[in-house]
Amino acid sequence: MLNILFYTSFNARSRDTESLMQAFVNQGHHVFMLSQMEKGAYHIACENIGVQCFYYVLKKTFSPVYFLNHAIFLKRFCKKHSIDVVYAHLENAGLPAVLCQYFIPAKVFTCRHIVDEAELMGSKKFKWLNKIVYTLSKNIIVVSERSKQWMIEKEGVSEKKISVIRLAYNFALYPKADIKIVEEIRQQYPARMLLLTACRMMEGKRPQVSINVAKRLIEDGLDVKLLLLGEGPLANNIIKEITIPALESRVYFLGFRSNIMDYLSACDILIHPSLQDSSSVIIKEAGLNERAVLACFDIGDASEYLVHQKNALLVTSTTTEKEMTEHIKAVYAFPEQLIALGKNLKTSVLERFDISNILPEYNRIHLEIEQHGKH
């Protein structure tokens, strides 16, 4: 049995990593979680499934000293707990992990959840962080084929270092929608078609596209309402944008909501115009609730399991607003089509991302470490 560490930069719920931790605990491994943020909902959820949780917080400054101090602490932590394998999730955790990989016996994997975000965001700091992490990484796990190809073709990362392992879920970790709350949401926002966008309110997620789609539909006389869930740097701008007579009784910005499953169950369709996904979580959550999804086929792993008019409605990332508007108009009078899409999406999500289908990939990694050592 191994001592396995999940090293993260976040403290919010992450049901894919929680699912893996739970599976590893059930296999008899000793599982640890160390975050760069103080104790949060993530720690509590992990503790409840038998994970030993820790955190080490530094004042957030994007500097070499910041990452070096995290690397020093991580090195000591791995030595103290005799860690055999480290899964470092996201780049802020990835850099300390690759810095100390030369000084610990554990095998270090950097787990990448992005495709081209570093390029899209245009942040020099993020580009620098991204390049350093994956240049130094000895072992990289990506969650989609598109991410792997981007790294090879655009970033010059060696194919030999990259493994594609899909996100894995124990879907039982998700709470079921509360029927009473779902009914209350529908009563509070009555409409023939209730639209939902749930994302980080930032440029790459493009929540403005959802607003513009709703505006077009409303102008054409369709009885639709749009709920926007999430937080982020665009929040204030969005509030101003929807505070106009044409939208104030049709588009609602609700901020962060922890009961996302209730809202997904209450809506008729999820509008997801994001450009920044490697493997969208909200699409999977919509599928669990048998809700139709309207998304871009050329983003993340969408084209790997979403099929237009079979289990989703798909558009291009270039003329997204126009195409989304047209698709909603086409299904507006045929709600049974949305129901069918939602049911088919649930089947696809369960088949592709259930942990029982992904766990063998990790079992092979762990067996190799047990038999042949870390390096």
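The values are calculated or read from the model by the stated rules, or taken from the named source; none is laboratory data. If you're wondering where the values come from, they're calculated on a predicted model, not measured in any experiment. Virtual Cβ from ideal backbone geometry, glycine too; neighbours counted across all protein chains shown. To get the accessible areas, we keep the full protein, side chains included, count just its heavy atoms, and leave off ligands, DNA and RNA. Shrake-Rupley method; radii C 1.70, N 1.55, O 1.52, S 1.80 Å.
Structure notes:
- The spacing between the range 67-86 and the range 103-155, judged by their C-alpha centroids, is 20 Å.
- The GNM of the chain, with springs linking C-alpha atoms under 10 angstrom apart, assigns the highest mean-square fluctuation among P245, P175, P190 to P245.
- Additional length obtainable on full extension of the chain from L367 to I179, 0.36 nm per residue less Cα span: 63.3 nm
- Dipole magnitude of the chain about its Cα centre (Cβ charges: Lys, Arg +1; Asp, Glu -1), debye to nearest 20: 1120
- The tail of the calculated P(r) for the chain, taken as Cα-Cα distances beyond 32 Å, holds 35 percent of the pairs.
- Beyond 18 Å in Cα-Cα separation lie the following of the pairs K127/K154; K39/K127; K215/K322; K148/K205; K205/K310: K39/K127; K148/K205; K205/K310.
- Max mean-square fluctuation residue, GNM over the chain, Cα-Cα springs under 10 Å, options Y332, Y55, Y66: Y66
- Two-site label geometry, D298 and N69: point separation in nm, points 7 Å out along Cα→Cβ: 4.4
- Near-label residues of the range 94-109 by backbone N, under 19 Å of a point 7 Å along Cα→Cβ of K79: 96-108
- Selected from F67, Y134, A172, residue furthest toward positive end of dipole (the range 35-192; charges at beta carbon): F67
- Where labels lie 7 Å past Cα in the beta-carbon direction, separation of E153 and F334 in nm: 3.4
- Accessible carbon and sulfur surface of the chain relative to its total accessible area, %, 1.4 Å: 53
- Where the chain is the region considered: accessible area per residue in Å², 1.4 Å probe: 45
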